[in-house]
1. Which residue, of L256, L238, L263, is within 20 Å of F293 (Cα to Cα) and assigned to a helix (DSSP H, G or I)?
2. Output the qualifying pairs, or none if there are none: Cβ atoms under 7 angstrom, residues six or more apart or on different chains, first residue in the range 162-180 and touching a residue at least 24 places away in the same chain (Cβ under 8 Å), second residue among the aromatic types (F, W, Y).
3. Cβ-Cβ distance below 7 Å, separation of 6 or more or different chains: which pairs start in the range 383-407 with a residue that is more than 15 Å from A420 (Cα to Cα) and end on one that is among the hydroxyl-bearing types (S, T, Y) and in a loop (DSSP other than H, G, I, E, B)?
4. Of the conditions (1) assigned to a strand (DSSP E or B); (2) modelled with pLDDT under 95, W537 satisfies every one except a single condition; which number is it?
5. Being touching a residue at least 40 places away in the same chain (Cβ under 8 Å) and in a loop (DSSP other than H, G, I, E, B): is that true of L564 here?
6. Determine whether the range 369-380 contains at least one residue that is open to solvent by 20 Å² or more (accessible area, probe 1.4 Å), within 18 Å of V453 (Cβ to Cβ) and without any contact (Cβ under 8 Å) to a residue 60 or more places away in the chain.
7. Checking D441 against (1) in a loop (DSSP other than H, G, I, E, B); (2) under 24 Å from the mean Cα position of the chain (by Cα); (3) among the charged types (D, E, K, R), which test does it fail?
8. Name the residue, out of A551, A555, A525, A459, that is in contact with a strand residue (DSSP E or B) (Cβ under 8 Å, 6 or more places away or on another chain), aliphatic (A, V, I, L, M), at negative phi and not in a loop (DSSP other than H, G, I, E, B).
Amino acid sequence: MQSKIAIISFSNAGSDLALRLCSYGLKADCFSSKEVNVGELFNSRNAIVFIGALGICVRQIAPFLKNKITDPAIINVDVNGHYVQPVTGGHRGGANQLANEIAALLGAIPVITTVSDTTSLWSLDMFSQRYGWKMESRSSLTKLMAAFVNEQSTALLLEARDNGTLFLEESLPEHVTCFFDYKDVDVNKFEVIIAVTPYLRPLGDKVIYYRPKMLHLGMGCQKDINSEVLKNSVDSFLKESGFSPLSVASVGTVELKKDEMALNYLADSFGTKLTIFSAEELACYDSNSPSDFVNDVTGTPSVSEAAAFKLGNNFPVITKHTLKVNDKFATISLSICNDRERKGFIEIVGAGPGDPLFITVRGKMILQTADLILYAGSLVPIELTHYAKPGCTVRSSAAMDLPHQIELMKSFTDRGLLVARLHTGDPCIYGAIQEQMAELDKHKIPYRITPGVSSFQAAAAALKSQFTIPDETQTIILTRGEGRTPVPEREQLNKLAQSQSTLCIFLSATLAEKVQQQLLEHYPANTPVAICHKLTWKDEKIWHCELINLAATVAQNKLTLTTLIVVGKAINNREGLSRLYAPEFKHLYR
């Protein structure tokens, strides 16, 4: 199968380097300059890599260059493999990214010369590809981007919340002022306006719009409705309602209409597939305007409203509007994606085991953009809250009961602000978030979970141990001893010990004697144990002992909180070979 990348070399040394690149994993087709038609490659490949002098590369491509939108990425590599330079298509063509990948394979230096990269400014023409946004502007994009990289006054309007807007918020250049309400933007004070929004806003001609995919359309229609007219009617209605059609993420309907050509055409026009719901799924929605007639025909009293709700996990902002399509009718409802709507929101964030460097990239971005950080003060190091932006409120939840915590977070979400609820490790592992989520559901406060690195993973790293051993144990059990929190009989430690798997025992330092007693029913007395206290913290300590000495070691060192007990043969094990590196076969997971 033809590769999307072509490599052209001009010498034997260049041919050798091309073959080396392919052997290192670059998926490309190699050509000698004597046997290739560069013009044909321009039309058939996404990227062309020249190996040789830069001047030769320029002369080869000059007759075929048309524009930055359609030209392939062009990269030049010197014959010794020391320097890799994008020539054209740095951003839109992906030449900068490919140059960095090739340089990494060769241990070479990427020579990137695009202004936004050399000045560490945003690459505005990459946002669409990176974040799935659609870009549009009434004025010359080239002139607006030039004004931005020349650091002329820029307004940033954010009316969505996703990975892209989080990045923009936490990396604002000095010449950019951020707004969350378009009414606050004085267009006369700025040379450039960057707007990430699904809404049509009167911001003048100096604006670059990015349209995030966050609008969900629920549709119903009469049979054999005209496809083109329906599409035009929907586009016109969205614009009249103040929404950009470029932000439509999905279209859904009831199962009865799954083969309706016009609805499938509509979904295709928005770059998606028609989502089908059963009548039973849609009937669960409590519509404000149920229809007995619709119920008799489709099996559900609401189609468009219910489908919009299901798609966006949010109540429709447009409910059951009727569109006239020639001599027939369609109904449309619209919801905004619950996770992407710029409104009060809570992100439950896993802080990792302790060291601030162990938090995930997304978790750090949330902390850098949150308006309130509510952290588990008894378990999370305060250093993690130092990521907070100026003006952010930082509170410890250590002395708060659940109603107090919910009240505080709600006081921020009611004002449309972002709350980071910061839990130790991964919040889904003994994080006590279930009761919080129940209260948030009750108050209809939207939330999401950002996972974190768990202490059992940090333990494996600190112990330099693989917790699974070929032919010995392939199971890791995360559990706790029974204290004030009851443990089901089937999950008692003596029952779990029968498998002699690698046990990671949380929240049980104060139960060490009972833990030891239960485990000794099945584990040998000399089973390796690692008692890990404050993993990755500055005062991390790890004690190694045999199972028979577990309780004594815990007592001697007066351990209570932030202690993980690891039990099993996997600790410090270096025996046993997996099949991963077996020489007689290749493996996908190397």
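1. Selected residue: L256, the only one of L256, L238, L263 that is within 20 Å of F293 (Cα to Cα) and assigned to a helix (DSSP H, G or I).
2. Correct list of pairs: D162/Y131; N163/Y131; G164/F127; G164/Y131; G164/W133.
3. A398/S378
4. Status for W537: all satisfied but (1).
5. Answer is no for this residue.
6. Scanning the range 369-380, I find at least one residue that is open to solvent by 20 Å² or more (accessible area, probe 1.4 Å), within 18 Å of V453 (Cβ to Cβ) and without any contact (Cβ under 8 Å) to a residue 60 or more places away in the chain, so the answer is yes.
7. (1)
8. The unique qualifying residue is A459.
The values are calculated or read from the model by the stated rules, or taken from the named source; none is laboratory data. Remember, predicted model here, so these are calculated numbers, not experimental data. Here Cβ is always computed from backbone atoms with ideal geometry, including for glycine, and neighbour counts include all displayed protein chains. Note: accessible area is taken over every heavy atom of the protein model, side chains too, but ligands, DNA and RNA are not part of it. Shrake-Rupley method; radii C 1.70, N 1.55, O 1.52, S 1.80 Å.
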